[in-house]
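Enquirer: There's a structure below that I have some questions on.
The values are calculated or read from the model by the stated rules, or taken from the named source; none is laboratory data. None of the values given here were measured: they were computed from a predicted structure. Don't worry about glycine lacking a Cβ; one is built from the backbone with ideal geometry, like all the others, and counts go over all protein chains shown. To get the accessible areas, we keep the full protein, side chains included, count just its heavy atoms, and leave off ligands, DNA and RNA. Shrake-Rupley method; radii C 1.70, N 1.55, O 1.52, S 1.80 Å.
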Amino acid sequence: MVTRKNLRHAKDDCRALTLMTVSEITHQSSRTASVPSVRPHVATLVMLGVIVVSAAIVAAWFAGEGTIRMIFQQLSIWQQNPPSWLVVPMATTWQLLAPTIGLWVVAIIVMKLSPQPQDWSRTLIVSIILILAVRYVIWRSLATLNTTTPLDGTFSLLLFALEMLVLSTSILQLVLMLRVQHRRHAADVLSQVIVSETFTPSVDVLIPSYDEPAFILRRTIIGCQAMDYAYKTIYLLDDTRRPEIERLARELGCEYITRPDNRHAKAGNLNHALPHITGDLVVVFDADFVPTRNFLTRTVGFFQDPEVGLVQTPQSFYNADPIARNLGLENILTPEEEVFYRQIQPIRDAAGSVICAGTSFVVRRQALDAVGGFVTDSLSEDYFTGIRISALGYRLVYLDEKLSAGLAAENIAAHATQRLRWARGTLQAFFIDSNPLTIRGLTLRQRLAHLEGLLHWFTSISRVGFLLFPLAYSFLGVVPVQATLSELIYYFLPYYVMQLTVFAWLNYGSRSALLSDIYALVLCFPLALTVFQVMLRPFSKGFKVTPKGTSSDRFTFNWDLAMPLIIMFILSAVSLWRNLGICIVDWQMGDYTGHIKGLGLGWLWSAYNVMLLGISLLILLDSPKPSVNEWFGLQRVVRCDILNVNPQSKGLAGQSSATDCHQPGSWSTISTVWGMTTMLSEAGAEIMVTQRLPKLEEHQTVAVALTILEENLTLPGLITCTSWQNGFPVARIWFEPLTLAQQRQLITLLFCRPGQWLSNKTPGEFQSLLLLFRMLFKPKVVFERRPSIRAIAIANV
């Protein structure tokens with residue numbers, strides 16, 4: 001751990017070399033915007049060098065160059081005659097399966113004894129997997145490469161390299177996983193001084209905005225104002241200079257800051273605000289993220305320790321991501337980010353390398369000033385700002401507690417835009433001064449953690465390669481792996497089965513291995529292309545905001561993302577039947593070795609790829625999203641007063657939307673029914689009642705006053721539709737314009753309740769396999785082509 005003395009020295013050194021005021025940073029950034037770095041792009045040269053050298057070696061090998069040919073011939077001899085300790089024991093198939101079965105039983109017992117990974121159980125399982133992984137790598141490198149011909153050798157070595165790239169990230173992650181940090185108990189203790197108000201640093205809450213709709217900003221501002229902390233000031237940072245947003249800030253009573261240009265996008269917007277604020281701590285929420293009331297209560301206490309520079313909390317989402325929604329699995333699949341926030345961030349916390357995620361974090365103003373504000377020379381200003389703070393000796397803390405929620409990307413195009421921006425911004429690390437692999441002040445463990453994160457984006461290249469290799473076997477007759485069935489059982493199967501068994505357990509139920517493959521495959525082509533683009537031209541594209549607050553009334557297919565997958569699907573389908581034909585021919589001719597080889601390397605691999613590609617294409621078909629409002633399955637007891645509205649009144653709420661719905665003389669109660677909400681949003685509600693409701697004719701409405709008893713909140717509305725569900729009458733209500741006080745109370749109920757954002761568990765591997773078949777044979781586009789009556793009613797609301 002860094003001592004206070006070391007921290008002080010690190011700060012002094014940094015100030016002596018680079019420290020300047022925020023105003024100086026802002027002024028200088030306007031003069032250096034087009035030149036993020038003047039250093040040679042070493043990463044680009046290394047990548048190009050590897051490609052050129054590899055191509056030269058392969059070309060010489062094909063041309064029959066003597067030395068190259070001799071080297072590969074010798075390599076082939078070694079592969080065909082591995083060390084004696086790698087030779088599979090002479091045993092029956094069941095005897096060879098015994099280690100796999102034994103390890104599987106151990107894993108099951110450990111998971112039963114420890115349903116959640118604990119120090120002892122996680123260390124035991126991770127150690128076993130590490131041993132199996134190293135054993136597998138040794139076997140693959142010394143006994144399975146096929147270099148008998150230039151063609152086979154080229155594909156064999158390429159497959160091995162791509163596989164080792166994936167394995168290197170997995171092994172790094174496993175090593176780091178031996179230590180995990182959880183801080184909920186610490187938050188329980190530290191929050192007591194916040195509740196008792198014995199520790200009260202001033203807090204500035206910044207909400208950077210570009211072009212988000214006003215209704216999204218409204219809920220974010222109201223949510224920030226509802227936080228239980230008296231010493232806070234809310235600032236709306238409008239980067240589009242919109243008069244309606246300035247009016248919104250004035251209406252809600254928060255500070256409004258804008259600037260004359262959009263230089264450096266979000267980072268520039270935040271830096272422009274820093275000279276205008278004076279708080280001890282700075283909190284940043286993206287425009288669509290709404291905190292729970294206890295956000296500051298749970299996080300500010302950590303700053304009693306002067307070494308803590310930043311506290312990051314998870315990103316949670318109040319809508320389904322487009323992958324889950326397009327597959328019709330909104331209530332089954334967890335968001336893609338869950339793996340990162342449940343598994344990766346606690347590992348990084350233990351390694352001292354927590355990633356600042358750009359929203360829902362608290363940073364010490366002193367630390368932010370010490371690094372010159374938010375980093376502007378990368379698209380990932382959050383990530384590199386955290387690295388600079390960490391390099392000064394401050395500790396970055398991760399509190400694994402869902403204290404806010406935002407909007408996930410609402411269609412697959414927006415999802416792709418977001419992921420590609422993350423990839424581009426993170427990989428720019430190789431070309432800027434904040435490179436975590438070279439910046440002064442980080443420990444080896446911290447650098448290894450950041451290296452794992454950087455290598456993660458390169459695995460998209462491996463994913464593309466894994467789609468292509470069955471085609472090489474089918475159409476070119478290439479055999480990239482030479483291994484017997486006994487060797488696969490003895491070396492590959494234990495590692496694979498163990499990984500598959502504990503995958504979801506290690507990531508706390510956030511993702512199964514099979515479903516992870518789906519998420520990795522759907523964007524593998526654009527991600528792989530982005531990796532190459534960044535390595536060649538790292539700063540060729542600027543910041544692109546993810547669109548939010550959209551709606552759609554029809555299915556739309558993303559052809560741009562789909563084209564490479566369609567081509568691969570067609571080729572893989574042809575390969576599937578061709579490989580099956582090879583198996584049948586070999587079997588009829590009595591070549592059982594060829595049959596096993598064809599089945600193992602061609603047919604099964606092609607079949608798996610065809611299934612995943614088919615599901616990926618379904619993901620690229622965006623489902624209708626008829627309402628811009630998010631609806632919650634929130635159950636609250638309600639009283640519904642059916643009203644007789646005075647025709648002289650301008651509306652149920654009185655004058656426009658600003659007066660109380662109980663304005664004397666504007667209405668009278670006809671009858672009262674009791675019920676419970678089944679769906680609730682900012683725009684309306686669906687309630688199940690205990691009494692029969694009048695049947696409404698087309699375009700007919702009934703005025704009501706809906707009172708949510710638990711909240712003592714009365715909302716004016718119109719019943720627009722009635723129906724029956726499960727034997728009970730159901731009414732759908734559209735709210736009339738609400739007063740600001742009603743809006744505040746409703747938004748707080750919907751978005752700000754402490755503990756409301758739960759961590760659901762993803763299905764296990766077997767259930768995930770069944771889901772994959774269900775997606776293929778019962779696609780949403782066919783069986784849910786027409787929106788349901790309920791969806792149409794909600795859209796109308």
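Enquirer: Only one of (1) hydroxyl-bearing (Ser, Thr, Tyr); (2) without any contact (Cβ under 8 Å) to a residue 60 or more places away in the chain; (3) in a loop (DSSP other than H, G, I, E, B) fails for Thr147. Which number is that?
Expert: Every listed condition holds for Thr147 apart from (2).
Enquirer: Considering segment 749-767 alone, what residues qualify as being open to solvent by less than 30 Å² (accessible area, probe 1.4 Å) and either acidic (Asp, Glu) or over 20 Å from Glu338 (Cβ atoms) (or both)?
Expert: Leu749, Leu750, Cys752
Enquirer: Another question, if that's okay. So, of the residues in segment 720-772 that are among the aromatic types (Phe, Trp, Tyr) and in contact (Cβ under 8 Å) with a residue 24 or more places away in the chain, which turns out to be nearest to Trp505 (Cα to Cα)?
Expert: Here the answer is Trp757.
Enquirer: Six or more apart or on different chains, Cβ atoms under 8 Å: show the pairs whose first residue is in segment 65-90 and of a type in the set (D, E, K, R) and whose second is surrounded by 15 or more Cβ atoms within 10 Å (Cβ to Cβ) and in a helix (DSSP H, G or I).
Expert: Hits for this filter: Arg69/Trp61.
Enquirer: Now for a separate question. Any idea how many residues of segment 356-381 are under 23 Å from Leu451 (Cβ atoms) and either more than 19 Å from the chain's Cα centre (by Cα) or surrounded by fewer than 22 Cβ atoms within 10 Å (Cβ to Cβ) (or both)?
Expert: Residues flagged as under 23 Å from Leu451 (Cβ atoms) and either more than 19 Å from the chain's Cα centre (by Cα) or surrounded by fewer than 22 Cβ atoms within 10 Å (Cβ to Cβ) (or both) within segment 356-381 amount to 4.
Enquirer: What are the residues in segment 491-515 that are part of a helix (DSSP H, G or I), open to solvent by 30 Å² or more (accessible area, probe 1.4 Å) and closer than 17 Å to Leu176 by Cα, if any?
Expert: Gln499, Phe503
Enquirer: What is the number of the single condition among (1) open to solvent by 40 Å² or more (accessible area, probe 1.4 Å); (2) hydrophobic (A, V, I, L, M, F, W, C); (3) under 19 Å from the mean Cα position of the chain (by Cα) that Phe430 does not meet?
Expert: Unmet condition: (3).
Enquirer: Filtering segment 126-140 down to residues that are open to solvent by 40 Å² or more (accessible area, probe 1.4 Å) and without any contact (Cβ under 8 Å) to a residue 60 or more places away in the chain, which residue is nearest to the chain's Cα centre (by Cα)?
Expert: Step by step, filter segment 126-140, then rank; the result is Ser127.
Enquirer: In this structure, does Ile207 turn out to be in contact with an Asp or Glu (Cβ under 9 Å, 6 or more places away or on another chain) and either at pLDDT below 95 or surrounded by 16 or more Cβ atoms within 10 Å (Cβ to Cβ) (or both)?
Expert: yes
Enquirer: Consider only pairs whose beta carbons are under 6 Å apart and that are at least six residues apart or on different chains; among these, list those whose first residue lies in segment 275-302 and is basic (Lys, Arg) and whose second residue is part of a helix (DSSP H, G or I) and open to solvent by less than 10 Å² (accessible area, probe 1.4 Å).
Expert: Here the result reads Arg298/Ala187, each pair linking segment 275-302 to a residue that is part of a helix (DSSP H, G or I) and open to solvent by less than 10 Å² (accessible area, probe 1.4 Å).
Enquirer: From Thr299, Thr292, Thr313, which residue is open to solvent by less than 10 Å² (accessible area, probe 1.4 Å), among the hydroxyl-bearing types (Ser, Thr, Tyr), modelled with pLDDT of 95 or more and more than 15 Å from Cys356 (Cα to Cα)?
Expert: Thr292
Enquirer: How many residues does segment 408-422 hold that are in contact with a helix residue (DSSP H, G or I) (Cβ under 8 Å, 6 or more places away or on another chain) and either open to solvent by less than 20 Å² (accessible area, probe 1.4 Å) or within 13 Å of Lys544 (Cβ to Cβ) (or both)?
Expert: The total comes to 10.
Enquirer: In segment 706-739, what residues are of a type in the set (Phe, Trp, Tyr) and within 17 Å of Ser681 (Cα to Cα)?
Expert: Answer for segment 706-739, where residues must be of a type in the set (Phe, Trp, Tyr) and within 17 Å of Ser681 (Cα to Cα): Trp734, Phe735.
Enquirer: Follow-up question, since we're still on this one. Would you confirm whether or not segment 391-404 contains a residue that is under 16 Å from Ile344 (Cβ atoms), modelled with pLDDT of 95 or more and hydroxyl-bearing (Ser, Thr, Tyr)?
Expert: Yes, that holds for at least one residue.
Enquirer: Taking the condition within 20 Å of Met498 (Cα to Cα) and within 41 Å of the chain's Cα centre (by Cα), does Ala107 pass?
Expert: Judged against the criteria, Ala107 is a match.
Enquirer: Same structure again: Kindly indicate the residue of segment 574-587 that is at pLDDT 80 or above and open to solvent by 30 Å² or more (accessible area, probe 1.4 Å) and also nearest to Leu613 (Cα to Cα) among those meeting that condition.
Expert: By that ranking, first place goes to Val574.
Enquirer: Something else about it: Filtering segment 728-741 down to residues that are touching a strand residue (DSSP E or B) at 6+ places or on another chain (Cβ under 6 Å) and closer than 12 Å to Gly717 by Cβ, which residue is most open to solvent (accessible area, probe 1.4 Å)?
Expert: Trp734
Enquirer: Kindly list the number of the only condition in (1) surrounded by fewer than 21 Cβ atoms within 10 Å (Cβ to Cβ); (2) on the phi < 0 side of the Ramachandran plot; (3) not β-branched (Val, Ile, Thr) that fails for Gly253.
Expert: (2)
Enquirer: How many residues are open to solvent by 50 Å² or more (accessible area, probe 1.4 Å), in a helix (DSSP H, G or I) and in contact with a helix residue (DSSP H, G or I) (Cβ under 8 Å, 6 or more places away or on another chain) if we restrict to segment 77-125?
Expert: Final tally of qualifying residues: 8.
Enquirer: When you look at Val166, is it surrounded by fewer than 17 Cβ atoms within 10 Å (Cβ to Cβ) and at negative phi, yes or no?
Expert: no
Enquirer: Residue check: is Leu706 closer than 25 Å to Glu630 by Cα, part of a strand (DSSP E or B) and either at pLDDT below 75 or touching a Gly at 6+ places or on another chain (Cβ under 7 Å) (or both)?
Expert: yes
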